[in-house]
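Remarks on the structure that follows.
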Amino acid sequence: MSIPTEPIGSIPRPAALQQALAEHAAGRLSDEDLAKLQKQATADTLARLEQLGCPVLVDGEQSKPSFVTYPIAGLADLAPDGAVIPFADGHTRQLPRLTAGPFRYRVHADGYLRNAQNHTDHPIKQAVIAPSALSLLYPGGGIDGYSREAFLSDLADEAEADIRGCLEAGAHCVQLDFTEGRLSLKLDPSGGVLDQFIELNNLVLSRFSDDERARIGVHTCPGGDQDSTHSADVDYAELLPKLFQLKAGNFYVQLASEPDPERVLRIIAEQLRPSIRVFVGVTDPIDPRVETPEEVRDRVLLAARHIPVDQLGTCDDCGFAPFADDTSTSREVAFAKIDARVRGTELAAQALGL
């Protein structure tokens, strides 16, 4: 296939794993038994993606508590009353609050990657959380004896190690999840918080070589959880010019669920620079209807009118069920949408004579 296509990250967990997570949280299932089911779910996810002809695989984040909190799972210096993220349907997600330093990751993403590599020889993409998201752990009132500046320095070091470990372990590419980018403009329309996020992420990305950054990407979307979003009402025109200031080689942009995708494509075209690739979203994970390959083809052909084909790729808008307790999208629907993305991208390549 001459137009690259990649998943974003999360795949809904099997029902047995969902039940096991609840049993584990209630103290009725051991760590070992849960890990066994997570390993089985990871192997099944990779095998099914292979069967669909996906050129690049993901482990579906079957072993992560969520795409955001995996580095801090089990960290002692946390309180539960951190930043609250409101969604359009009224439900919320709450981050923990850091209570002491120094800040260190307890889990690095290369462990998930190495586990996935035990099950396949195909290229594997590894998603990691952007440091800007974890910067929200630091409380507004500060921490005695541990300044925000010291925290951000530690966070940058940990985020660099998270990315570098995946590259060195042989990841096909590493994707920073940056869903908080669009959200920041809802919380602070002045753009000041977004500027801080871009600066922090670039501090980390600048530590990598050009060749390494060619294997690093950034994903943006308005959030996707329980069939709702947190910032779809924020105008993309406010985000995208700053997003493309990030020193990454690949950009994964939610597009299928946008009300006016061609307008977004025109904005993207204005921000293009040599040596980057833009993966446009061609399936909507929170829409229960499965797109047809022909619909996907037409979305790719529209994108190709604005983005040079040699700088174009396709993806899903977001991960499917990125929080472990989200059961709003079935596993079967997710794989059906991925199948449509792969087949539709190939149809578009054929139509373009590639």
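Of note:
- Residues that are of a type in the set (S, T, N, Q), surrounded by fewer than 18 Cβ atoms within 10 Å (Cβ to Cβ) and modelled with pLDDT of 95 or more, drawn from the stretch 28-59: GLN40, GLN51
- Matching residues, the stretch 181-201, being hydroxyl-bearing (Ser, Thr, Tyr) and crowded, with 23+ Cβ neighbours inside 10 Å: SER184
- Residue check: LEU354 meets all listed conditions (1) out of contact with any helix residue (DSSP H, G or I) (no Cβ under 6 Å at 6 or more places or on another chain); (2) closer than 23 Å to LEU52 by Cα; (3) without any contact (Cβ under 8 Å) to a residue 40 or more places away in the chain but one, namely (3).
- Residues of the stretch 305-348 classified as of a type in the set (A, V, I, L, M, F, W, C), touching a helix residue (DSSP H, G or I) at 6+ places or on another chain (Cβ under 8 Å) and within 24 Å of GLY249 (Cβ to Cβ), total: 5
- Within the stretch 238-252, residues that are among the polar types (S, T, N, Q) have Cβ atoms under 6 Å from residues that are in a strand (DSSP E or B) in these pairs: ASN250/GLY217; ASN250/ARG277, counting only partners at least 6 apart in sequence or on another chain.
- Taking the criterion of being under 17 Å from ALA324 (Cβ atoms) and either free of Cβ contacts under 8 Å to residues at least 12 places away in the same chain or touching a Phe, Trp or Tyr at 6+ places or on another chain (Cβ under 6 Å) (or both), the residues of the stretch 64-94 that qualify are LYS64, SER66, PRO71, THR92.
- Screening VAL296, VAL309, VAL280 for residues that are buried (at least 23 other Cβ atoms within 10 Å of the Cβ) and more than 29 Å from ARG93 (Cα to Cα) leaves exactly one candidate, VAL296.
- With respect to the conditions (1) surrounded by 14 or more Cβ atoms within 10 Å (Cβ to Cβ); (2) modelled with pLDDT of 95 or more; (3) farther than 25 Å from GLY224 by Cβ, GLY101 lacks only one, and its number is (2).
- The stretch 185-304 holds helices (runs of 4 or more DSSP H) entirely within its bounds, and those carrying 3 or more residues that are closer than 21 Å to GLY344 by Cβ and touching a helix residue (DSSP H, G or I) at 6+ places or on another chain (Cβ under 8 Å) map to 261-271, 293-304.
- The combined condition, being surrounded by 21 or more Cβ atoms within 10 Å (Cβ to Cβ) and within 24 Å of VAL193 (Cα to Cα), is not fulfilled by ILE143.
- Answer residue from the stretch 99-152, given it is part of a loop (DSSP other than H, G, I, E, B) and basic (Lys, Arg) and is farthest from the chain's Cα centre (by Cα) among those: ARG104
- Inter-residue pairs, beta-carbon under 9 Å, first in contact (Cβ under 8 Å) with a residue 40 or more places away in the chain and in the stretch 287-312, second acidic (Asp, Glu) and in a helix (DSSP H, G or I), 6+ apart: VAL290/ASP339; PRO293/ASP339; PRO293/GLU346; ARG297/GLU346; LEU302/GLU262; ARG305/GLU262; HIS306/GLU262
- The stretch 258-277 - residue that is among the basic types (Lys, Arg) and either closer than 23 Å to ILE216 by Cβ or in contact (Cβ under 8 Å) with a residue 60 or more places away in the chain (or both) and, of those, surrounded by the most Cβ atoms within 10 Å (Cβ to Cβ): ARG277
- Checking the stated criteria, PRO123 turns out to be touching a residue at least 12 places away in the same chain (Cβ under 8 Å) and surrounded by fewer than 18 Cβ atoms within 10 Å (Cβ to Cβ).
- Check on ARG13, out of contact with any Leu (no Cβ under 6 Å at 6 or more places or on another chain), surrounded by 21 or more Cβ atoms within 10 Å (Cβ to Cβ) and not acidic (Asp, Glu): yes
- Selected residue (criterion: surrounded by the fewest Cβ atoms within 10 Å (Cβ to Cβ)) from residues of the stretch 202-224 that are at pLDDT below 95 and not hydrophobic (A, V, I, L, M, F, W, C): GLY223
- Any chance ILE72 is within 30 Å of LEU136 (Cβ to Cβ), at pLDDT 90 or above and of a type in the set (Val, Ile, Thr): yes
The values are calculated or read from the model by the stated rules, or taken from the named source; none is laboratory data. Values in this document were obtained by computation on a predicted structure and should not be read as measured data. When we count neighbours, we look across all protein chains shown, and the Cβ atoms used for this are built from the backbone with ideal geometry, even at glycine.
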